[in-house]
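Quick notes on the structure that follows.
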Amino acid sequence: MLSSSKLVIPRLIVGLGNPGAKYSNTRHNIGFDVVDALAKVWRTSLSENRKFQGQYGEVLSPAGGKIYLLKPLTFMNRSGQSVRAVVDWFKLPPESILIIYDDMDLPIGRIRLRLSGSAGGHNGMKSIISHLGTQAFPRLRVGIGATDKPDGDRNGAVVAHVLGRFSPEANQRISAVLSITVEAIELTLRQGFDKAMSLYNGRTVETQESGSQ
């Protein structure tokens, strides 16, 4: 487990998702959306890198050095292959890797940063933990809300939910969530992961349209 007394600053920022137009803007691809938002704010671009099995880009960190951005193109359950390729190439320690992914246990409007932890049933995280041989690396979970379907076919309901798209109302909140998530990540680069956890883990993003629902 990572020590909270150590200043943890990400160098590789990975957003999880599935490649292809079929999966674009689905709940399961929120990690991709965050990395795209970072690239836009940081005025950098991502391009396919076959060696890394993903879309990849670089930007200079406020603290000096480079920040690497990655969207694995391996499909979700093989995300670890792409992450491991970048980690091996740049010889990065696990604590410098930030993984961004969707979480059904968090409502829309909430994000949660953690220094380590289990996969929590997320296939992308299972793959990354397996390929890195550790679960002691930072992660940022973005709430997508739970399925409201009956529990009769739980697995089918979960798959349909994560591969579905947000409603127009939910999209209003997701836009605001992306902005807050970018702010939180930028804070980790300036002041470390602990600072971002203390400021953003308790916040709920609201919009005028959504009220407090």
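Can you say what percent of the DSSP beta bridges in the stretch 12-200, counting only those with both residues inside, are antiparallel? Round to 5. So the antiparallel bridges in the stretch 12-200 amount to around 55 percent. Paramagnetic label reach from Glu186 (point 7 Å along Cα→Cβ; backbone nitrogen cut-off under 11 Å): within the stretch 14-56, residues 38, 41-43. Here, the chain yields an orientationally averaged convex hull projection of 11.6 nm² when only Cα atoms define the hull.
As a calculated quantity, the FRET efficiency between Ala160 and Glu48 at R0 = 45 Å, using C-beta atoms, amounts to about 0.95. For Ser116 and Ser167, a Förster radius of 35 Å and the Cβ-Cβ distance give a FRET efficiency of 0.60, rounded to the nearest 0.05. Relative contact order for the stretch 86-181: 36 percent, from Cα pairs under 8 Å spaced at least 6 residues apart, divided by residue count.
May I ask you to derive the relative contact order of the stretch 12-200, considering only C-alpha pairs under 8 Å and at least 6 residues apart, and to give it as an integer percent?
24
For the stretch 12-200, the Cβ-based charge dipole about the Cα centre amounts to some 320 debye (Lys, Arg positive; Asp, Glu negative; other atoms uncharged). Mean-square fluctuations from a GNM of the chain, with a 10 angstrom spring cutoff on Cα atoms, peak among Ser198, Ser130, Ser96 at Ser198. Across Asp102, Asp88, Asp194, mean-square fluctuation computed from a Gaussian network of the chain (C-alpha pairs under 10 Å connected) peaks at Asp88. Tell me, which longest segment in the chain has none of the GluC sites (Glu not before Pro) that fall in DSSP loops with at most 15 further Cβ atoms within 10 Å? It works out to 1-205. What separates the Cα centres of the stretch 104-171 and the stretch 41-81 is a distance of 21 Å.
Where a number appears in this text, it was derived from the coordinates with a stated rule and is not lab data. All values reported here derive from a predicted model rather than from experimental measurement. Note that each Cβ is placed from the backbone with ideal geometry, even for glycine, and that neighbours are counted across all protein chains shown.
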